[in-house]
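Scroll down for the structure; my scribbles are underneath it.
A short reminder: the numbers here are calculations on the coordinates, not readings from a lab. Keep in mind that this is a model prediction, so the values were computed, not measured. In this analysis, Cβ positions are derived from the backbone assuming ideal geometry, glycine residues included, and neighbour counts consider all displayed protein chains.
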Amino acid sequence: MLSYLAKRLLLMIPLLVGITIITFGVIHLAPGEPVEMQVAMNPKVSAEARERLRKFYELDKPLHVQYGKWVSRLVRLDFGRSFAPDGRPVITKIRERLPVTISLNLIVLILEFALAIPIGVMAATHRDGPLDRWTTVFVFLGFATPLFWLSLILMYLFGVKLGWLPISGLHSLGYEVHGLWWQVGDLTKHLVIPISVATFGSLAGLSRYMRTGMIEVLGQDYIMTARAKGLPERVVIYRHALRNALLPAITILGLSVPGLIGGSVIFESIFAIPGMGKLFMDGVMARDYPLVMGVLVIGAVLTLLGNLLADLAYAVADPRIRHGRERAL
Amino acid sequence: MTRRDSYLQDVVWRRFRANRFAMAGGMVVVALFVLSILAPFITPYEPNSLDAYHVLLPPSFAHWFGTDEVGRDVFTRMLYGAQISLKVGFVAIGIATLIGTVVGLVAGYYGGWLDSLLMRFVDIMFCFPTFFLILAVIALLEPSIWYIMLIIGLTGWMGVARLVRAEVLSIRERDYVLAARVIGCSDLRIIFRHILPNAVGPVLVYATLGIAGAILTESSLSFLGIGVPPPTPSWGNILASGKEFLEFAWWLFLFPGLAIMVTVLSYYLVGEGIRDAIDPRFSSRR
Amino acid sequence: MNRCRLVCLVSLLFSLVACHEEKQASSSPRPPGKASYGDAIVVGSIGEPSTLLPLLASDSASRDVAGEIYNGLVRYDKNLKLEGDLAERWEISRDGLTITFHLRKGVKWHDGQPFTSRDVLYTYRITIDPKTPTAYAEDFKQVKRAEAPDPFTFRVTYAKPFAPALESWGVAILPAHLLEGKDITKSELARQPVGTGPYRIKEWVAGQKLVLESNHDYYEGRPYIDRYVYRIIPDTATMYMELKAGGLDMMGLTPVQYQRQTTTNEFLSRFNKYRYPASAYTYLGYNLRHPLFSDRRVRQALTSAINKDEIVQGVQLGMGQVAHGPYKPGTWPYNPKVKDFPYDPARARVLLAEAGWRERNGDGILVKDGKPFSFTILTNQGNDQRLKCALIIQQRLKKVGIEVKIRTIEWASFLKNFIDKGDFQAVLLGWTIGQDPDLYDVWHSSKTGPKELNFVGYKNAEMDRLIERGRGTFDQEERRRCYFRIQEILAEDQPYTFLYVPDALPVVSARFRGIEPAPAGIMHNFIRWYVPKNEQVY
């Protein structure tokens, strides 16, 4: 087990190197430098001023030198300073955004599991019946709806027309002066629409996965045996079948880990929630190389760790699985 | 062999037909195809002809879905937009499926270091947020509908590759493949005659779902202003520009959103229907 | 301060500063009430400021917020005349080479330290310091000598008379006592600025909002409104809904919102709408190095074939006016007599025929030397108005036998791959119109190099002379004569087809009183805005 773990961890290193090289190449290939984005079309800027800015950001050095410098900082866990005019450390900028993104994603993830698992099980036990068909349509509807479209409609309905819910942001203005419970209530009101929409959009994957797994398990011999023993259907389903059908859900949980730090830029833009997605998008658009690299590297490490975690959890939960098994999607 | 095939097709088709939701989805998909192809015969308007003096008209007999802020007929744009959106979906997923199938076959069939190498590459690709790759490539190339397709395709093949590889691994060691190898069939023949046909089902399902996904991706890209470049109409860019008129000119926002929703849902129902129909584990008990 | 920066991705409609001449304030009158302190104003912005050290910032969000925190030595008053700000008055020497500023006494930084000439000298020195990554060193480089003979006098000497010099001293003056000897790029002041202005920073929640609170010791008196909240709402549809739901007090409307969506009595009882020409114009620029556009008659024909009224109607719903040159109607350098070519497709055909373009193939497209008249208009991605504009032009030009293709390109690659390389035929872009009428950077023949702003390659000796004369004197009459003539030349030469000047359409909650629309827009007397006690909400 330990040697397997060590092997997997070691394997991450070449992957990471590959990822950083590709990323570094891609963003430097993209036309436009951070300097350009800041000064282009500004008559006050002379050629000399451009060069001054380029030198400041060390963009005048050859690409491999820039990469070398970046990596040598990275191994000391220094992500460098942002190329935005505020020049703050990348890690500070990420740290500002992470709590919001992680909390939101966590809430959505919990709701997703809390809703999708029962839906999937129900669909499986009522297979091919109306309940199965309609839940299928329901979860797919969540997936099929452009979420920004749904969000804007709900915002208009509940925020503007009915005036029941706030439209965007996380807090009302001046919420600081109120007590804790008022603040919690305020935050909840702000989050109702975004979280409902995000959860609605996320149900399809897991619930279908659960349905498939459950149907498979229900066809197994030991379920037949349990039924043959005359156990009540409820016990068969919840005691025997569900436990095994939950195994794939563990994998999904592991795979969800990296997603926790990733935000959707569209979602964040619409609800004016300051998260990782917007930070990243703005970084790409402004060609803020250190920021983009920082976000991607953290994301990649988490993805790799998440994969590993999923495999390990699965192996622990189901000893029949041999290590190094390839997951189907 | 052939008889078995046609028998299987029969069963699959019967199972699919029994699924009313999948059938409904299938009908929507077909209807949309027909409508989008016949667009020039259905509507008297041009998708891009402006009329600065008839802007933002509400739905009427002359303009079923109203007109937009520069006086273009929304229904017409939606019909032509359907062509574009479907084209994006099909071509993008065609590319993804092709690359994914080849990579999956090669990795699964030959195994060894080639397999490791390809799968590590798949891992790396999975580590990038798709959005980043798309953005980077779009920044590199000038935006055009063809690049959008190419990009969605190039960033969406990894799933197919894993799927095909897994399928190949499970088939590779089966008796009839081993037998074919023993009697000296060439690799290509084994792949095309014995392995590929078995992988077609899952890939088909994946592709159907992928088309739906690509339509959605295009709408997200349009929201960010990097989708199919206007004036070419796509559902995504009609919807994205309609959001500014949500309250006042609801027809600019409601119809494209509904269209995307119904279409994507239909593709999903069809995909699921096929999956259920071809998977023997799911043969109905009834 | 920013003379003619290209209007970037962010639509100009969201900028409230530097506007001109109010046309209509459709206010349902509320009693003025009594001016009282208190309340807050919530302003929406699609972008977050990058840094509150204005020297290092180049985005409009940073400028908006920093404008409330800092002062310059001079500023534009509500009639767009330069007046003293931190400088009480100034003198320009007879030869036009030396400017002496007499600084205001008793001004304090937000931390209580007195403001002196040392701060001005520091701001000048750090700006021209080669190690400072700033975009704004150029004007100060013209300075030959800068000195601070005593704490309240500051004197600069130029090598030759330079008219835009005075304006350049409107830059935000930075606190020397907090910055001297430190690395400005790593300064805390980027997030926690200390200025002399009417508001000071209270809180900056990354990605959400900035809260400024009023500076009770402000030299012009304590502002009435206690807090200025700058909310970051990246999506314009959301921003509009927030306004309607009461979450925002001020934003810029789009023409459709102004004309169609905000006309109910309910809305008008809660908000006041304002409308005046923005300081910007949109144009179609031709690459004069390209053989297609080297003939002036062709450019004149193109302008004649384009219906500018239709564009104002189609793109702005009439919320704007036709442009004939690079200045804003009603400002002192604007020449009202200059009219370029009115919409006249017949005349366009004649001009094109004179230039050798005739229809030969029966497909309606003009041909010369076997080549059809076909070109591509480039514009940047993400600007809907420009795209619509291009579409309308495409339709019109088709009617005179010219085929137009439209391509939209992401901003960065647009600049890098097309503009900087001169690899384009026609571009549809916009410029902001600066307060100072100097046109050196955009129209002087010395600015046609790569990465320079005369990217259409316009070269005209008379134009060069006029531009140089205009910036070389402080005599406004003399300058006006130069710029009047320049507009005549441009109208005849048509290196651009000047399309339109859009209207700025700000909307402000009706509870704010004391707003005085003026040529400078509405923000000029912001510190005098107030909310009567009984209407205060925050």
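Radius of gyration (Cα atoms) of the range C:68-177, expressed as a multiple of 2.2 N^0.38 Å: 1.02.
Comparing Cα centroids, the range C:484-538 and the range B:90-131 end up 56 angstrom apart.
The stretch between C:ARG289 and C:ALA159 holds 43.3 nm of extra length on full extension. This uses 0.36 nm per residue minus the Cα-Cα distance. Counted by Cβ distance under 13 Å from A:GLY262, the other residues give a net charge of +1, where Lys and Arg count +1 and Asp and Glu count -1. Cβ crowding within 10 Å, taken as a proxy for footprinting-reagent exposure, orders C:CYS389, C:CYS482, B:CYS185 from fewest neighbours to most as B:CYS185, C:CYS482, C:CYS389.
Considering the protein assembly as shown, its Cα convex hull presents a mean projected area of 51.0 nm². In the protein assembly as shown, a dipole from Cβ-located charges (positive for Lys and Arg, negative for Asp and Glu) runs towards its positive end, and of C:VAL156, C:ILE232, C:PRO519 it is C:ILE232 whose Cα lies farthest in that direction. Between B:LEU150 and A:LYS61, the simple label model (points 7 Å from Cα in the Cβ direction) yields a spacing of 3.3 nm. Per-residue extension of 0.36 nm, minus the Cα-Cα distance of B:ALA62 and B:CYS185, leaves a gain of 37.8 nm for this segment. Taking a point 7 Å out from the Cα of C:TRP332 in the direction of its Cβ, the residues of the range C:76-96 whose backbone N falls within less than 17 Å of it are C:76-85, C:90-93, C:96. Given a Förster distance of 30 Å, report the FRET efficiency between C:LEU268 and C:GLU220 from their Cβ-Cβ distance, rounded to the nearest 0.05. Approximately 0.40, to the nearest 0.05. The helix-only estimate of mean residue ellipticity at 222 nm for chain A, built from DSSP H runs of length n ≥ 4 each weighted as -39500 (n - 2.57), is -22500 deg cm²/dmol after division by the residue total. Computed per residue of chain B from DSSP H runs no shorter than four, each worth -39500 (n - 2.57), the mean residue ellipticity at 222 nm is -23500 deg cm²/dmol.
Long hydrophobic helices in chain C: the complete DSSP H runs spanning 15 Å or more by Cα along their own axis with mean Kyte-Doolittle hydropathy of at least -1.0 are C:117-128, C:384-399. The residue among C:GLY401, C:SER445, C:GLY430 whose Cα reaches farthest toward the positive pole of the charge dipole of the range C:280-503, with charges on the beta-carbon of Lys, Arg, Asp and Glu, is C:GLY401. Starting from the Cα of B:LEU114, step 7 Å along the direction of its Cβ; do the same at B:LEU35; then give the gap between the two resulting points in nm. Those two pseudo-labels are separated by 4.6 nm. Can you grab the distance from the C-alpha centre of the range C:252-308 to the C-alpha centre of the range C:191-240, Å, no decimals? If you average the Cα positions of each part, the centres end up 31 Å apart. Report the calculated FRET efficiency for C:ARG465 and A:ILE21 (r = Cβ-Cβ distance, R0 = 41 Å), to the nearest 0.05. About 0.15, to the nearest 0.05. Ranked by how many other Cβ atoms sit within 10 Å of their own Cβ, fewest first, the residues C:GLU83, C:GLU535 fall in the order C:GLU83, C:GLU535. Between C:SER445 and C:VAL350, full extension at 0.36 nm per residue minus the direct alpha carbon distance yields a gain of 31.1 nm.
Residue exposure proxy: B:VAL11, B:VAL168, ordered by other Cβ atoms within 10 angstrom of their Cβ from fewest to most, comes out as B:VAL11, B:VAL168. Helices in chain C, meaning DSSP H runs of at least 4 residues, each add -39500 (n - 2.57). Divided by all residues, the mean residue ellipticity at 222 nm is -7000 deg cm²/dmol.
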